[in-house]
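Heads up: the structure comes next, in C-alpha cells.
The values are calculated or read from the model by the stated rules, or taken from the named source; none is laboratory data. What you see is a predicted model; the values in this text were computed from it and never measured. Using ideal geometry, Cβ is built from the backbone for each residue, glycine included, and neighbour counts are taken over all protein chains shown.
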Amino acid sequence: MSSMLVEGGAGVLAEDAPAKINLHLHVTGRRPDGYHLLDSLVVFAGAADRVTAAPGEGLTLALEGPEAGGLAAEPDNLVLRAARLLAEAAGRDLPGVALRLEKRLPVASGIGGGSADAAAALRLLDRFWGLGLGEARLRELALRLGADVPVCLASRPALMQGIGEVLAPAPALPGFGLVLANPRVAVATPGVFRARQGGFSSPAALPEGWTDAAGLAAGLLALRNDLEPPAITLCPPVAEVLAALRALPGALMARMSGSGATCFALFPDAEAAAQAAGMLPADWWRWGGAAHHG
Ligand code: C5P
C-alpha cells in the first residue's frame, strides 16, 4: 500500500480510501441473522476519499470536501467508530488525534465510501499510534465495522465471498478504464436486499484471468449484479444511468455497483474513460480514470 501513503507536515499521516466497485455481485444465500452471502469480484478505482491524522486533543473528526454535506446527518461517522474500535483493541492509553476526512465519493452510493473510509482509518491509526496490529487482527476489526470493510482494508482486487469476510486474490486482470456515475440519489442497502426477489444465484465460475479489457467485459456480461433489479425498482434513475453509460463511445459494458445507485462502465483504457465521463450529465456525480490495481 506504500503508493497510497501520503505524508503531510510533521507528524501528519494520510491514507487514501479508494472507491470499491463490484464487477459482478451474485447473492448466493442468506444467513440466519439476515445477512446475505455474496460472490463478488471487487476492484478499486482511482476516485478516493482521503483520511489524515495529526496530533490533537482527544479524538476529533473534521469533515471537508465536495461530498461532506451528505455526512452531516450521520450521528456516528464510521471513521470515528473505527478509531474507537482500534483504541479499544490496543487496550492502553493512546495519544490524542485530530482526524480529517476529505469526502469526494458520494455517500450511500454502492461504492463503499464509508467502508473505504473506515478501512483507511484503521490502516492510518495503526500507523499513527504505532500499534502494529497486523493484517489478520485489522481484518477482524474491519468486519465488525461493516461487511465491505475487510475488502477495503487491502484495497486490492479480490474475490469476495461470505458476507464480505472471505477474501481471495482476484483472477489476473488486464489494464482497463472505469467510468463511475451516480444520479445523486442515496440508496439504503438494507432496503435493496429486502426488495430482492427470486432464488439465489450460484457463485461465478471465473477463469484464471483475462488478457485484455474486451475479454474481461465479455466475461462480465455473462454475470450480473443481483441487486440491480431491486435497486431500479426502488430508485428508477439507476436505469437512466445504465442507459447513459452504455451509450458512451467506447463503453464495453455497464453495471450497477453494490446496492447502488452508482453504476460503472468498463473502457479499454483510462484516457477513454476520462474523456467519456465528461459527456455524462453535469448534475450527476461522475468520474473517469484508471482502475487501481493495488
Ligand atoms: O455491513 P453493512 O453495514 O455494510 O451492511 C448494511 C446492511 O446491508 C446490513 O445491515 C444488511 O441489512 C445488509 N447486508 C446484507 N448482506 C451483506 C451485506 C449487507 O444483507 N452481505
Requested in this report: Would you check if there is a residue in segment 235-245 being assigned to a helix (DSSP H, G or I), among the hydrophobic types (A, V, I, L, M, F, W, C) and farther than 17 Å from G288 by Cα?
Outcome: yes
Query raised in the report: Listed residues A265, A243, A231, A217; which is in contact with a Gly (Cβ under 7 Å, 6 or more places away or on another chain) and not assigned by TED's automatic domain parsing to the domain that holds G114?
Result: A231
Query raised in the report: If you take the residues in segment 265-293 that are touching a Pro at 6+ places or on another chain (Cβ under 9 Å) and under 21 Å from P66 (Cα atoms), which one is surrounded by the fewest Cβ atoms within 10 Å (Cβ to Cβ)?
Result: D283
Report summary line: Taking segment 19-62 and keeping only residues that are in contact with a Lys or Arg (Cβ under 8 Å, 6 or more places away or on another chain), modelled with pLDDT under 95 and either within 11 Å of the ligand (Cβ to nearest atom) or small (G, A, S) (or both), one is left with A62
Query raised in the report: Residues of segment 114-152 being surrounded by fewer than 24 Cβ atoms within 10 Å (Cβ to Cβ), within 15 Å of the ligand (Cβ to nearest atom) and free of Cβ contacts under 8 Å to residues at least 40 places away in the same chain, which ones?
Result: R139, E140, L143
**Report entry** So G199, is it crowded, with 24+ Cβ neighbours inside 10 Å and outside the structural domain of H36 (by TED's automatic domain parsing)
**Finding:** no
Query raised in the report: If the Cβ limit is 7 Å and pairs must be 6+ apart or interchain, which residue in segment 187-204 that is over 30 Å from G70 (Cα atoms) pairs with which residue that is of a type in the set (G, A, S) and within 11 Å of the ligand (Cβ to nearest atom)?
Result: F200/G29
Report summary line: Of S257, S155, the only residue that is touching a Phe, Trp or Tyr at 6+ places or on another chain (Cβ under 7 Å) and within 16 Å of the ligand (Cβ to nearest atom) is S257
Report summary line: Apart from one, (1) within 16 Å of the ligand (Cβ to nearest atom); (2) small (G, A, S); (3) surrounded by fewer than 16 Cβ atoms within 10 Å (Cβ to Cβ) all hold for G162; the odd one out is (3)
